[in-house]
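Quick notes on the structure that follows.
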Amino acid sequence: MPIVPDGPAYGGNQDDERRAARLNGPPLRDEMQQVPPPGAVRRNPEPMPDAPQPAPAPPKKSAGRDLSAAIGVGVGLGVVILASLFVVKAVFVGVIAVAVVVGLWELTSRLRERKEIKAPLVPLALGGAAMVIAGYVRGAEGAWVAMALTALAVLVWRMTEPPEGYLKDVTAGVFAAFYVPFLATFVALMLTADDGPWRVLTFLLLTVVSDTGAYAVGWRFGTHKLAPRISPGKTREGLLGAVSFAMVAGALCMQFLIDGGAWWQGLLLGLAVAVSATLGDLGESMIKRDLGIKDMGTLLPGHGGIMDRLDSLLPTAPVVWLLMVAFVGSS
């Protein structure tokens, strides 16, 4: 239906009256705005007030990390790990010990800076390295003995300082001894088997694949938060991606890399790894939130610190060791 104007259109008597007004006085205001002088060029016309404005572009999802640096560092670490793992087992044990000491240094440093908790680093570093070596040489029994001696050393070492804060310092020290070196000792225990390097490789692959699946699926499809108060970036869709990726990788690894392994065992192993890796990541996120920091360190560009890479590996190591022993034995 055509739009009917509110008043009569110009024409007829209306044009005559308008022409007379132009002869007897200045031009009307609306004519001054609508009819420019001959030869004039109107510059920068103002947009119509009712003109539709273009919709703002939706924000692009960001990875939140320097991916090029992260990939480069990840490839470099992978080369070092694989070279030491399949050349000389003892060298790989040394790599574990170094990672443990650096991780303890990062953790104790952040505790001191953010909470004024003075967990003694010297007995932790010495005891942590000894724990890994004892686990490789003497098995689980040696690891437990080294853990007990490390805890005792922490209690005694802290006695050399004033008693204020003693309880919180030694509690944090015993926690650090269990959290970093003791859990890492299970990687050395895996290595003692005849096919030890392949067990360790399976452990590393499944953890990395789980993290990759969680990141890829969560970044692309994630909408439902998994634990928003702990880690806002994690989603339920990402967890499903971690489980799916890890189960497929687990079936392939157990079938083709592990002596006596079966694909169905790999499915169970992958499921367990996805759950433990996610819980480990959430656990360290809880620690970092309590400390008010984003990363434990800056040693690895694009990744943060050593502890930011060990967060999902540490709690996964005893899970993989136990299931490997249950499925194919310890030797």
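Every number here is computed from the coordinates shown, using simple stated rules; none is lab data. Note that the structure is predicted; figures quoted are calculated from it, not measured. No Cβ is skipped: glycine too gets one built from the backbone with ideal geometry, and neighbour counts run over all protein chains shown.
P(r) tail, the range 87-192: Cα-Cα pairs separated by more than 24 Å, 22% of all pairs. Counting beta carbons within 10 Å around each of 316, 298 and listing the fewest first gives the order 298, 316. A simple spin-label model places the labels of residue 152 and residue 98 3.1 nm from each other, with each point 7 Å out along Cα-to-Cβ. Distance between the modelled labels on residue 289 and residue 82, one decimal in nanometres: 3.7 nm (7 Å Cα→Cβ projection). Centre-to-centre, using Cα atoms only, the range 219-239 and the range 161-197 are separated by 30 Å.
Past the 22 Å Cα-Cα mark, which pairs from 115/225; 118/288; 168/288?
Values: 115/225 29 Å; 118/288 17 Å; 168/288 18 Å.
In this structure, 115/225 exceed 22 Å between Cα atoms.
Can you pull out the chymotrypsin sites (Phe, Trp or Tyr not before Pro) in the range 174-266 whose DSSP state is coil and whose Cβ has at most 13 other Cβ atoms within 10 Å?
Passing sites in the range 174-266 do not exist.
For the range 81-159, the list of GluC sites (Glu not before Pro) that fall in a loop by DSSP and count at most 10 other C-beta atoms within 10 angstrom reads 116.
Here the label points at residue 91 and residue 166, each 7 Å from Cα along the C-beta direction, are separated by 4.7 nm in the simple model.
Ranking 314, 82 by Cβ neighbours within 10 Å, fewest first, what do you get? Intermediate values should be presented prior to the final figure.
Details: 314 25, 82 14.
Final ranking by Cβ density, sparse to dense: 82, 314.
Each listed q (0.14, 0.17 Å⁻¹) maps to a log10 I(q)/I(0) for the range 194-331, found by the Debye formula over equal Cα scatterers with no solvent: -0.64, -0.89. Annotation note: trypsin sites (Lys or Arg not before Pro) in the range 236-317 located in DSSP loop regions with a Cβ neighbour count of at most 11 within 10 Å are 294.
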